Amino acid sequence: MEKEKKILYSGMQATGKLTIGNYIGALKNWVNLHEDYDCFFGVMDLHSLTVRQNPAEFRKNARLIYTQYVAAGLDPEKNCIYFQSHVPAHAELGWILNCFTYMGELNRMTQFKDKSAKHADNINAGLYTYPTLMAADILLYQSDLVPIGADQKQHLEICRDIAERFNNIYGDVFTIPEGFFPKTGARIMSLQEPDKKMSKSDENENATIYLIDDRDAIIRKFKRAVTDSEAVIKYDPANKPGISNLIEIYSVVTGKSFEDVEKEFAGKGYGDFKMAVGETVADMLDPFHKRCDELLADKTYIDHCMKENAEKAAYFANKTLRKVQKKVGLTERIR
Ligand code: ATP
Ligand code: LTN
């Protein structure tokens, strides 16, 4: 069968509050992809269970993330946006793929090593098999392209290895996916430790600008951002990581080049610059907040999108799942 458009798949874990790092590095770049690709975007709530969650908070956060996808401009009529847990085929294929994945391969995963060190009291089997569920997410839709950050490259590699192994045994069942790295897309660093990436699981609230932060919080956090004592606004990530990060944020939001930003603030102090960055980020988030509030007030619209899109996703996912079940020899269910 000739596919009209290539299929693109991505998602974020449903844990925590999204940051401007998630927005600038991922979400914002997903918005126009539907023009060139058939796009699926998941809210990966099953993956979130690998870390212990407070149920009420988790439910609220996951829905907020779905709403933020839409508020950021991902159109649910043009993209299939759904909750991973609403399509049971993910868990079902995940199990089958576990049986085609070697412990030696999973032992090499750096995310597993990092997360086990961070949650030493809860090194559960889900954390260990996280990559096989992620492989199921991608392979169920016969995805060609997967936008991911550098930290997920290893997971995409293992996904390709599992798919190739399966295809070698059973014939061409899965499309082998490729990573997709949009041209724009900066790596936003922590405002408190600018040699670390900004991350939604950072415990220091001042390090992170959340998408739900209001203008005052945004400006306050930028004012407190760690810089250096040189008082020169110059892009030099090795020696001036704090200021360079602020230049990068200002540059992505305004569309100005690093040189233009340096010129604009030549001779000015860090205080003025931090204020300007805070204002522009707050301005950028203003319409986003309005849209988010509207969507949160209209529960029926988001409910409708969630339902329709989960059905659509399930239709495609089940096609692959049935094929896999047949190939491995599971007895066909009488319908
Ligand atoms: P966690 O802290 O829960 O591990 P995270 O904030 O690092 O989460 P992920 O859920 O791992 O974010 O990533 C979601 C998407 O956002 C990925 O595509 C990732 O590349 C992107 N992303 C995350 N943080 C940044 C950042 N600081 N700069 C640019 N892109 C980012
Ligand atoms: N592991 C990813 C989230 C994720 C994902 C996926 C991304 C789960 N399943 C499938 C792309 C495709 C993360 O932590 N960013």
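Tabulated values for the structure
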{"item": "Of residues in region 40-80 being among the small types (Gly, Ala, Ser) and without any contact (Cβ under 8 Å) to a residue 60 or more places away in the chain, the one nearest to ligand 2 (Cβ to nearest atom)", "result": "Ser48"}
{"item": "Qualifying helices (runs of 4 or more DSSP H) (wholly inside region 57-167; at least 3 residues being touching a His at 6+ places or on another chain (Cβ under 9 Å))", "result": "130-140"}
{"item": "Residue within region 171-184 that is open to solvent by 30 Å² or more (accessible area, probe 1.4 Å) and farther than 30 Å from Ile7 by Cβ present", "result": "no"}
{"item": "Answer from Glu193, Glu157, Glu203 - the residue that is over 16 Å from the mean Cα position of the chain (by Cα), at pLDDT 95 or above, surrounded by fewer than 20 Cβ atoms within 10 Å (Cβ to Cβ) and over 30 Å from Asn98 (Cα atoms)", "result": "Glu193"}
{"item": "Of residues in region 31-43 being aliphatic (A, V, I, L, M) and under 20 Å from Leu295 (Cβ atoms), the one least open to solvent (accessible area, probe 1.4 Å)", "result": "Val43"}
{"item": "Sole residue being more than 13 Å from ligand 1 (Cβ to nearest atom) and crowded, with 20+ Cβ neighbours inside 10 Å, chosen from Leu93, Leu18, Leu27", "result": "Leu93"}
{"item": "Elements of type helices (runs of 4 or more DSSP H) in region 206-304, at least 2 residues being small (Gly, Ala, Ser) and in contact (Cβ under 8 Å) with a residue 24 or more places away in the chain", "result": "241-254, 270-297"}
{"item": "Verdict on Tyr141 being over 30 Å from Gly329 (Cα atoms), at pLDDT 95 or above and hydroxyl-bearing (Ser, Thr, Tyr)", "result": "no"}
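The values are calculated or read from the model by the stated rules, or taken from the named source; none is laboratory data. Owing to the predicted nature of the structure, the values given are computational and were not obtained by experimental measurement. Because the Cβ atoms are built from the backbone with ideal geometry, glycine has one as well, and the counts that use them run over all protein chains shown. These accessible areas exclude ligands, DNA and RNA; they are computed on the full protein's heavy atoms, side chains included. Shrake-Rupley method; radii C 1.70, N 1.55, O 1.52, S 1.80 Å.
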